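**Student:** Pasting a structure here, questions to come.
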């Protein structure tokens, strides 16, 4: 940049689970590199749209705890995902709408009040170093930038467009009685009809050990399966693996690329966002359905550019 001053923000408060995320890495499983990327992709896309960014621009993902920063230049920001308090220069501000900041303004995002993960997008995106074509932080493998820390200075890219004149991003969280749609397979034959009914017929509680790698569930009626021992095979995001203890594990963006326990089903792509916002202690049920795709959502998001 020659004629333009470089844009930046300086973090003043953050947490070890605050990371940079974009749409992740694709097609690298054969190298042992997971997809990573924003867990709640719908909220991530809305945040970018609110500030006029391309859908692929990197943003900040928080987990439970918030983040604060000082603006080094004029910028437009938006906060989506988990509901949280937003303060601009120590005064209550707006969540889910574009906010214009001037140099030295201080923005603070509080802890999640509903949901788990919030997204902070800034016009131009976070101009972070790319690893295998993505700036996403993978907390399992360590690929990507380090988790964010106080005093980190984040450079911003050039703005791609103007924020919408009037727009908002309502919270579209999982609700009080979430129902995740699943496509059964590829190892559903390891589970007889009774076990599949047990899986679909009970509420599963979210474990406190859940993270970006997996949503770990606990039920009063664990599952059992029959079949030969499986060699390690490929795992996709949303795969529901059943280990020996019978308690399901739903793999998320930072999942390992292979696993050796049978996969009973896969959470439909459009419902994976709910997995990102489910709190420990809450419960969820599953519903068998034909496979579904995020393609329509992605086409809808990119239509605005």
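The values are calculated or read from the model by the stated rules, or taken from the named source; none is laboratory data. This structure is a prediction, so every number in the text was calculated from the model and none was measured. Please note: Cβ atoms are built from the backbone with ideal geometry, for glycine as well, and neighbour counts cover all protein chains shown.
**Student:** Of all the residues that make up the range 181-203, how many are touching a strand residue (DSSP E or B) at 6+ places or on another chain (Cβ under 9 Å) and exposed (fewer than 13 other Cβ atoms within 10 Å of the Cβ)?
**Tutor:** Here the count works out to 2.
**Student:** From the set of residues in the range 128-139 that are part of a loop (DSSP other than H, G, I, E, B) and buried (at least 17 other Cβ atoms within 10 Å of the Cβ), which is farthest from the chain's Cα centre (by Cα)?
**Tutor:** The extreme case among them is 128.
**Student:** Scan the range 239-279 for residues that are more than 23 Å from residue 28 (Cβ to Cβ) and not in a loop (DSSP other than H, G, I, E, B) and jot them down.
**Tutor:** Listed by number, the residues that qualify are 264, 265, 270, 271, 274, 277.
**Student:** Please find, among 70, 60, the residue that is in a strand (DSSP E or B), assigned by TED's automatic domain parsing to the domain that holds residue 146, in contact (Cβ under 8 Å) with a residue 40 or more places away in the chain and within 20 Å of the chain's Cα centre (by Cα).
**Tutor:** 60
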